[in-house]
Amino acid sequence: MSQDVLATETNRHQLQQIIAGLSEGVILIEVDQSILWANDAALAMHGVSQLSELGANAEQYHERFNLRYRNNHPLSADQYPIARVANGETFDDVVVEMTVQADEEHPLCVLRISSMILTNRAGDPESLALIISDASDWASAEQRFEKAFSANPAPAVICRLSDLRYVKVNQGFLEMTGYTREQVIGRSVYELDVLEDAERRELAIQRLGEGATIPQMQAEIRLADGGSKLVIVAGQPLDIHDDNCMLFSFMDLEPRRKIEIALRQSEERFAKAFRLTPVPTLLCSAGNQQLMDANEAFLNITGYPAEELLGHSVQAVGFIEDGVVCERLFAALEKVGSLEGLDLRIRQKNGEPIDCVLSADTVLIQDAPCYLLVLTNITERKRSELELVAAIEAVMQDASWFSQKLIEKLATVKSVSAPNLASFSFGDLTPRERDVLGLICEGLADKEIAARLELALNTVRNHVATVYSKLDVHSRSEAIVWARERGLFVTKR
């Protein structure tokens, strides 16, 4: 054996010893495509224990092991890594899926293969090597990512940073935009611009060029039908098949925009109706009763300029005459949220009183609770009623000659609703109050009652007020009607 051959065998033996314990698989191949040697890691990856089970050469290897790319396209015999390296080709990270021909139960294995050509001192190829690593875990993780990406309802696309072309798109993006998969995959970021009209477009393009995270921002994305949609877009760099990529994810803001438009239109309609209604109306915050708006009808009836109302609390302005009534009004609104038919008196800027009936309800303005106060001016109506009551009382100063039937008719004119007869009885009055009521029914004035009963005038007035309160009446005529309806103090003639 020549000295050179001996040296080659020695070197090869030493090389085999070095690589035998490596975790990566190594297969040594002769230039004629015969398989010379493989370490234990390479045998284990192929699911065999003996070198002979790999096959004697590339042809037998092809017969025993099925290799296909991850897109399910099978490799032809001349595309097998053994054949390619035997033809003098070097390559890095060829990823293939491998199954055993004769063993269908053998699990699918994903291999990442690189090649190496070993030369002698003269530079001629002496032996060839395939360096193999098990990429099954990596492929499994990638497969899980693929499934999660496809199933995620949040719209998303992935572009490759090297050429800024889309390589993946999920169903959520297709449904949101109306594009087909073929209309997205392979197109560039600038052809289908997901950053169009972005509020920080320059920053987004800079981050895209750097392969850095793109923060969330609002953008307008074009749809397949030519329309557009408001979205929130964000970008996250990631690695796919050893390619640097950018994952764009989206949140569809169109439903929110439609709601905002509808809300704005609703608020515009409310504001227009608020301004144009002829009924005096106020809007104040629920928290501190600060006046937010007052319509023209209220300004006209009270004489207040808007600047003296808006921004101030109802209590601070003081247009509600009775502070206690004002406190009770807002306490009731806080408790039940609405009120109807509350009699109160407000004062104009010049101090003149206005009798009103107030109705109120709680409304939401920009998600904040507010009170809508609607006032009906009943000053004229109340004045007419008071004049009628005064006329009745004047006539009834001597009511002893009135018939029962006429008194009832006068009561009907004075009060629309009949009194609640069961609410109070004559026996609930004190003896002195009964005396006062009897003299009222005789038509006596307060001074005459004071003289008859030998009481001070103020004392008589207090008794009269107490009688009114207990009987739930407001005048002499109502008290007389109350007594007549119960057959009290009736003078038979």
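Quick note: the coordinates plus some simple rules give every number you see, no bench work behind them. This is a predicted model, so every value here is computed, not measured. Cβ atoms come from the backbone with ideal geometry, glycine included; neighbour counts cover every protein chain shown.
How would you classify the range 152-252 from its alpha-carbon gyration tensor, with a ≥ b ≥ c the square roots of the eigenvalues: rounded for a/c under 1.5, else prolate if a/b is greater than b/c, otherwise oblate? Oblate, because a/c is 1.5 or more while a/b does not exceed b/c. Remark: the Cα gyration tensor places the range 251-369 in the prolate category, a/c being 1.5 or greater and a/b exceeding b/c.
From most to least packed by mean Cβ count within 10 Å, the peptides 332-338, 126-132 give 126-132, 332-338. Taken about its Cα centre, the range 265-377 carries a charge dipole of roughly 80 debye when the Cβ of each Lys and Arg holds +1 and the Cβ of each Asp and Glu holds -1. Taking a straight Cα-Cα cut-off under 17 Å and skipping sequence neighbours fewer than 8 places away in the same chain, the aspartates and glutamates within cross-link reach of K229 are E175, E191, D193, E196, D197, E199, E220, D252, E254, E260.
Note that the range 62-221 shows a convex hull volume over its alpha carbon atoms of 173 Å³ per residue.
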